[in-house]
Amino acid sequence: MNDWRDPIHPGEILKDELEEIGLNGAELADRLGVPENRIYQILNGKRSITADTALRLGKFFNTGPEFWLNLQKAYELDEARQKIGDSLNEIRPYKPDMPLQPSLNL
């Protein structure tokens, strides 16, 4: 398996941002109009950033929602990459000039 570092959950980035501006999770939740437990679960790496939360965080931090969703997507891809490991290398990419061989593993 490749030597991957532990994926960084978006909550770690959010936690750093909150420390930088001096807010806690409860204050952020109030500013975003969401339940406190949503923010604390994200901060503790127990919850994903949804589109709804990304819209709110993007507006609050003036980053746009894509920033937060991209952090989440990168985290999930890194986790999947670690889980799949080298077995991903066994997949032969399709090439138009390559004849398809039937698979016995259907």
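If the requirement is being aliphatic (A, V, I, L, M), within 17 Å of Glu79 (Cβ to Cβ) and under 20 Å from the mean Cα position of the chain (by Cα), which of these qualifies: Ile8, Ile39?
After ruling out the rest, the residue left standing is Ile8.
This table checks each residue for (1) closer than 15 Å to Glu12 by Cα; (2) assigned to a loop (DSSP other than H, G, I, E, B); (3) within 18 Å of the chain's Cα centre (by Cα).
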{"position": "Thr63", "(1), (2), (3)": "no, yes, yes"}
{"position": "Phe67", "(1), (2), (3)": "yes, no, yes"}
{"position": "Gln72", "(1), (2), (3)": "yes, no, yes"}
{"position": "Gln82", "(1), (2), (3)": "no, no, yes"}
{"position": "Ser87", "(1), (2), (3)": "no, no, no"}
{"position": "Lys95", "(1), (2), (3)": "no, yes, no"}
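Among the residues of the stretch 4-17, those identified as in a loop (DSSP other than H, G, I, E, B) and either under 16 Å from Phe67 (Cβ atoms) or touching a strand residue (DSSP E or B) at 6+ places or on another chain (Cβ under 6 Å) (or both) are Ile8, His9. Leu77 passes every criterion in (1) modelled with pLDDT of 95 or more; (2) over 15 Å from the mean Cα position of the chain (by Cα) apart from (2). Within the stretch 18-49, if we keep just the residues that are polar (S, T, N, Q) and either free of Cβ contacts under 8 Å to residues at least 24 places away in the same chain or part of a helix (DSSP H, G or I) (or both), the residue that is surrounded by the fewest Cβ atoms within 10 Å (Cβ to Cβ) turns out to be Asn37.
Please determine, by comparing only the residues of the stretch 50-61 that are surrounded by 13 or more Cβ atoms within 10 Å (Cβ to Cβ) and closer than 27 Å to Glu79 by Cα, which one is nearest to the chain's Cα centre (by Cα). Per the criteria, the residue is Thr50. Would you check if there is a residue in the stretch 67-81 being farther than 26 Å from Arg5 by Cβ and not hydrophobic (A, V, I, L, M, F, W, C)? Checking the stretch 67-81: not a single residue is farther than 26 Å from Arg5 by Cβ and not hydrophobic (A, V, I, L, M, F, W, C).
The values are calculated or read from the model by the stated rules, or taken from the named source; none is laboratory data. Every value quoted in this text rests on a predicted model; they were computed, and no experiment measured them. Neighbour counts run over all protein chains shown; Cβ positions are idealised from the backbone, glycine included.
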